[in-house]
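*Asks:* Please read through the structure below; I'll follow up with questions.
The values are calculated or read from the model by the stated rules, or taken from the named source; none is laboratory data. Not measured: the values here are computed from a predicted model. No Cβ is skipped: glycine too gets one built from the backbone with ideal geometry, and neighbour counts run over all protein chains shown. When the accessible area is computed, the model is the full protein with side chains, heavy atoms only, and any ligands, DNA or RNA have been set aside. Shrake-Rupley method; radii C 1.70, N 1.55, O 1.52, S 1.80 Å.
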Amino acid sequence: MKGLSVLPQQCLLLMTCLLMALEAVPIDIDKTKVKAEGHVEGEKVENPDTGLYYDEYLRQVIDVLETDKHFREKLQTADIEEIKSGKLSRELDLVSHHVRTRLDELKRQEVARLRMLIKAKMDSVQDTGIDHQALLKQFEHLNHQNPDTFEPKDLDMLIKAATSDLENYDKTRHEEFKKYEMMKEHERREYLKTLDEEKRKREESKFEEMKKKHGDHPKVHHPGSKDQLKEVWEEADGLDPNEFDPKTFFKLHDVNNDGFLDEQELEALFTKELEKVYDPKNEEDDMVEMEEERLRMREHVMNEVDINKDRLVTLEEFLRATEKKEFLEPDSWETLDQQQLFTEEELKEFENHISQQEDELRKKAEELQKQKEELQRQHDQLQAQKQELQQVVKQMEQKKLQQGNPPAGPGGELKIQPPGEHKAGDAPQHPAGGDQPLPPGHVQEAAVRTDQVHP
């Protein structure tokens, strides 16, 4: 068995279950041209991100398991169904202590990461009393009841979760694309409603012209057919089309030399076909539609070639497909612009759903506006009560001054004047021309003498 750059050939079976649907290769990356750079033996090839929220944890677990000799040996005799059923997971009890310790550490790090994400999410809504244990139940790729050690159940859950998530990956992408197309048409029709008759006719004419321009492209070869592969052989690989050899073609495009054509290596073969239909410089060409076209091409080839449905194409499967009649005389391939992506009934249902969502949002906005107005009313009412209370206190102070009562101090205390002290202006009057205060009894004696002088 030839050596692999990343994993042994049998270990790739585990990768098959865990990494079934990787991200599509961008249009500007042609993996068929990497042969010019050459492949360095032992060089580690980075796999594309799966798009799963636990992608890094998944890859780290695979890397650690791959280092155990016993686990690799068991994997050599395991098939896809044994891996999916959990039979292989029980072999985890026999791996080395070092491997188990490392897996325990990875799990604790993953649990800590999930708890941090949960806390950040709950903090964003200012919630308190977070039950991490309850919230961890939503993550099905690990056993949350045992957050400290990596057990066979954890490997089984990881395999099943990744298998399920990735098997539904393509289906989810198709559904999202369909919604995307219906939203485009919905927005176009809504825009036309805002135009007068003359502008609407011009807009409709422009739309039909762009649609016709997009459909005017060279013939697209049937994906996986001899004509399609020969075109890659000639234009991308720079080889003589008369010397086309399927076995050489397979090895040439097995970029990581693992003995398989995976989904990314297959998708790279369709780049030339997609360039016939889509150009990012053209207004009429939608790059979202291009990626959907790529996905459909890959799915079609997998359905035709992948006999055991492990989402990998072996050399044997590839050569067997080249012997079929469909390889030499394929049917014509219909691109997306030649297909009806949705019906009027589906569009109407989609628009009704949008309308319901808009109504719900409108109601929520109205409720929030009412709450805002009520809070403002309560605020204004409290302000009016405050002003009224301040006015009453002021009136009471003025009344106290008018009645001769000492006014209240800053803290409401009464200002009591000590005996013998007088306010300014209340000092006793001195005799006219006198500068000193009169002695006691002086005023009375003066009055008596005056009576005597003036009978």
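*Asks:* Among the residues of region 322-342, is there at least one that is outside the structural domain of residue 256 (by the TED database), more than 21 Å from residue 176 (Cα to Cα) and not aromatic (Phe, Trp, Tyr)?
*Replies:* Checked region 322-342: no residue is outside the structural domain of residue 256 (by the TED database), more than 21 Å from residue 176 (Cα to Cα) and not aromatic (Phe, Trp, Tyr).
*Asks:* Just one of (1) outside the structural domain of residue 323 (by the TED database); (2) open to solvent by less than 40 Å² (accessible area, probe 1.4 Å) trips up residue 179, so point out which.
*Replies:* (2)
*Asks:* Let me ask you something else. For residue 396, state whether it is open to solvent by 100 Å² or more (accessible area, probe 1.4 Å) and touching a strand residue (DSSP E or B) at 6+ places or on another chain (Cβ under 9 Å).
*Replies:* yes
*Asks:* Is it true that residue 211 is in a helix (DSSP H, G or I), more than 17 Å from residue 319 (Cα to Cα) and either open to solvent by 10 Å² or more (accessible area, probe 1.4 Å) or at pLDDT below 90 (or both)? Steps first, please.
*Replies:* On the way: in a helix (DSSP H, G or I): yes; more than 17 Å from residue 319 (Cα to Cα): yes; either open to solvent by 10 Å² or more (accessible area, probe 1.4 Å) or at pLDDT below 90 (or both): yes.
Against the criterion (in a helix (DSSP H, G or I), more than 17 Å from residue 319 (Cα to Cα) and either open to solvent by 10 Å² or more (accessible area, probe 1.4 Å) or at pLDDT below 90 (or both)), residue 211 qualifies.
*Asks:* Something else about it: Give the residues of region 352-374 that are hydrophobic (A, V, I, L, M, F, W, C), within 25 Å of the chain's Cα centre (by Cα) and farther than 22 Å from residue 190 by Cα, sorted by residue number.
*Replies:* Filtering region 352-374 for residues hydrophobic (A, V, I, L, M, F, W, C) gives 354, 361, 365, 368.
Imposing the further condition that a residue be within 25 Å of the chain's Cα centre (by Cα) reduces the set to 354, 361, 365.
365 - this is the single residue of region 352-374 that is hydrophobic (A, V, I, L, M, F, W, C), within 25 Å of the chain's Cα centre (by Cα) and farther than 22 Å from residue 190 by Cα.
*Asks:* All but one of (1) of a type in the set (S, T, N, Q); (2) over 19 Å from residue 169 (Cβ atoms); (3) surrounded by fewer than 21 Cβ atoms within 10 Å (Cβ to Cβ) hold for residue 256, so report the exception by its number.
*Replies:* Unmet condition: (3).
*Asks:* Could you count how many residues in region 54-67 are crowded, with 20+ Cβ neighbours inside 10 Å and not in a helix (DSSP H, G or I)?
*Replies:* 1
*Asks:* Here's a follow-up. I'd like to check something: does region 163-172 contain any residue that is surrounded by 14 or more Cβ atoms within 10 Å (Cβ to Cβ), among the β-branched types (Val, Ile, Thr) and under 30 Å from residue 52 (Cβ atoms)?
*Replies:* Yes, because at least one residue in region 163-172 is surrounded by 14 or more Cβ atoms within 10 Å (Cβ to Cβ), among the β-branched types (Val, Ile, Thr) and under 30 Å from residue 52 (Cβ atoms).
*Asks:* Going through region 83-122 one residue at a time, which ones are under 16 Å from residue 155 (Cα atoms), open to solvent by 50 Å² or more (accessible area, probe 1.4 Å) and in contact with a helix residue (DSSP H, G or I) (Cβ under 7 Å, 6 or more places away or on another chain)?
*Replies:* 84, 90, 93, 94, 102
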